[in-house]
Amino acid sequence: MKAPVRVAVTGAAGQIGYALLFRIAAGDMLGPDQPVILHMLEITPALPALQGVVMELNDCAFPLLAGTVATDDVNVAFKDVDYALLVGARPRGPGMERKDLLEANGAIFGPQGKALNDHAKRDVKVLVVGNPANTNALIAQQNAPDLDPNCFTAMVRLDHNRAMSQLAEKTGKHNTDIKKMTIWGNHSSTQYPDLHHATVDGKPALSLVEQSWYESDFIPTVQQRGAAIIKARGASSAASAASAAIDHMRSWALGTAEGDWVSMGIPSDGSYGIAPGVIYGYPVTIKNGKYAIVQGLEINDFSRARMDATDKELREERAGVEHLFAK
Ligand code: NAX
């Protein structure tokens with residue numbers, strides 16, 4: 001058995017937290033030979049509820065759970081952590097403009113970035129789930145000047161998984177038959193789910209579906225899936241979001257399969273003409289805990305326009321939060 005690693009989860013008493021913590025403790029994220037110490041952060045009023053979650057975690061008697069820390073102090077939460085899943089965020093309230101939302105989240109992700117900078121392991125792997133995820137990740141990164149900027153990522157894996165499931169259903173195949181799915185850009189309705197490089201059972205996906213289905217059905221369905229879940233369930237995606245967070249971290253820690261890739265929101269290095277610095281969804285392969293953007297994909301005019309539109313939205317979001325960056 002390996003030595004335990006420390007995994008921080010913020011918003012730990014929320015609905016995604018409740019779907020996430022038990023799977024991490026069961027070994028779904030880092031494997032069956034990796035004990036974990038869970039660091040759970042909540043706001044002060046949610047600490048009693050969090051205590052209930054800790055009681056349940058203990059009651060599971062998980063062989064891999066080597067300890068728990070439950071706190072409302074960000075400096076305690078991020079002390080020596082190897083992984084940090086930043087889930088807790090400020091939801092959009094009635095009448096709240098995007099500007100207000102970004103500002104409210106800046107007040108959360110700025111201090112969290114600083115606390116990671118001051119207390120986390122130097123190779124900490126940070127995943128931001130709380131929305132607006134890409135720009136919240138940027139705020140945290142920009143408040144952590146001593147950490148490698150590539151430590152900070154945002155979740156587009158739920159969109160990636162949703163796209164796999166839609167394509168599997170359409171083609172009558174299983175999602176395990178699908179390779180090389182790509183989500184470009186922002187985890188928002190401007191995201192671009194790209195089928196040009198995807199394969200189903202080794203065949204090009206776009207040779208199996210009509211262009212009209214791709215443009216008018218598949219793309220909007222994936223982009224609007226979050227809203228469809230809210231309409232059906234009366235609550236936003238939680239178990240699927242937690243599952244995607246597990247997938248994201250497992251791929252990052254344990255690597256991607258030969259001949260396949262995954263989608264991750266990562267700091268742009270300018271690849272594919274995207275603004276350097278924004279946290280943009282890219283296709284990546286991962287080896288030894290390091291991700292690399294898949295290079296050399298052919299981008300046609302259809303894709304270019306959509307990749308640029310989501311880049312533009314991310315640049316606008318960045319312009320709205322630049323005053324929150326550490327100098
Ligand atoms: P909940 O409202 O159920 O839980 C959020 C929890 O975060 C609450 O318990 C709250 O007390 C806590 N919290 C708030 N501020 C905090 C802070 N400063 N430090 C620590 N904890 C804090 O929301 P839930 O459904 O769990 O969703 C969490 C976030 O995930 C939301 O921002 C949501 O928009 C986002 N999502 C992101 C997705 C993605 O694909 N990137 C998909 C699912 C989800 O919508």
Task: Selection status of Ala168, at pLDDT 95 or above, in a helix (DSSP H, G or I) and farther than 17 Å from Pro283 by Cα - done: yes
Task: helices (runs of 4 or more DSSP H) enclosed by the range 1-91 - at least 1 residues per element that are farther than 26 Å from Leu158 by Cα and within 16 Å of the ligand (Cβ to nearest atom) - done: 47-59, 74-77
TODO: Please indicate, with yes or no, whether at least one residue in the range 307-326 is outside any helix (DSSP H, G or I), under 20 Å from the mean Cα position of the chain (by Cα) and not polar (S, T, N, Q).
DONE: no
Open item on the list: Under 8 Å between Cβ atoms, which residue pairs at least 6 apart in sequence (or on different chains) link something in the range 61-83 that is of a type in the set (Lys, Arg) with a partner that is modelled with pLDDT of 95 or more and assigned to a helix (DSSP H, G or I)?
Closed with: Lys79/His119
Open item on the list: Test of understanding: among Ala245, Ala227, which residue is within 14 Å of the ligand (Cβ to nearest atom) and touching a strand residue (DSSP E or B) at 6+ places or on another chain (Cβ under 8 Å)?
Closed with: Ala245
- [ ] Select from the range 204-260 the residues that are within 16 Å of Gln166 (Cα to Cα), of a type in the set (D, E, K, R) and either part of a helix (DSSP H, G or I) or touching a Leu at 6+ places or on another chain (Cβ under 6 Å) (or both) and list them in ascending order.
- [x] Glu215, Asp217, Arg225
- [ ] Within the range 84-108, track down each residue that is of a type in the set (A, V, I, L, M, F, W, C), touching a residue at least 60 places away in the same chain (Cβ under 8 Å) and within 30 Å of Ala66 (Cα to Cα).
- [x] Ala84, Leu85, Leu86, Val87, Ala89
- [ ] Identify all residues within the range 123-173 that are within 30 Å of Val200 (Cα to Cα) and of a type in the set (D, E, K, R); write none if there are none.
- [x] Arg157, Asp159, Arg162, Glu169, Lys170, Lys173
Open item on the list: So, in the range 68-87, how many residues would count as being closer than 15 Å to Asn117 by Cα and in contact with a Gly (Cβ under 8 Å, 6 or more places away or on another chain)?
Closed with: 1
TODO: Answer yes if at least one residue in the range 55-64 is out of contact with any His (no Cβ under 9 Å at 6 or more places or on another chain) and charged (D, E, K, R), and no otherwise.
DONE: yes
- [ ] Take the residues in the range 279-293 that are in contact (Cβ under 8 Å) with a residue 40 or more places away in the chain and closer than 22 Å to His196 by Cβ, then tell me which one is surrounded by the fewest Cβ atoms within 10 Å (Cβ to Cβ).
- [x] Tyr291
TODO: Can you tell me which residue within the range 109-129, out of those that are within 11 Å of the ligand (Cβ to nearest atom) and within 17 Å of Arg318 (Cβ to Cβ), is surrounded by the most Cβ atoms within 10 Å (Cβ to Cβ)?
DONE: Val128
Open item on the list: Filter the range 26-47 down to the residues that are touching a residue at least 40 places away in the same chain (Cβ under 8 Å) and closer than 27 Å to Pro91 by Cα and list them by number.
Closed with: Met29, His39, Leu41, Glu42, Ile43
Task: Unique match (being under 22 Å from Ala228 (Cβ atoms) and within 11 Å of the chain's Cα centre (by Cα)) among Ala163, Ala133 - done: Ala133
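The values are calculated or read from the model by the stated rules, or taken from the named source; none is laboratory data. These figures come from a predicted structure and were not determined experimentally. A quick note on method: Cβ atoms are made from the backbone with ideal geometry, for glycine too, and the neighbour counts reach across all protein chains shown.
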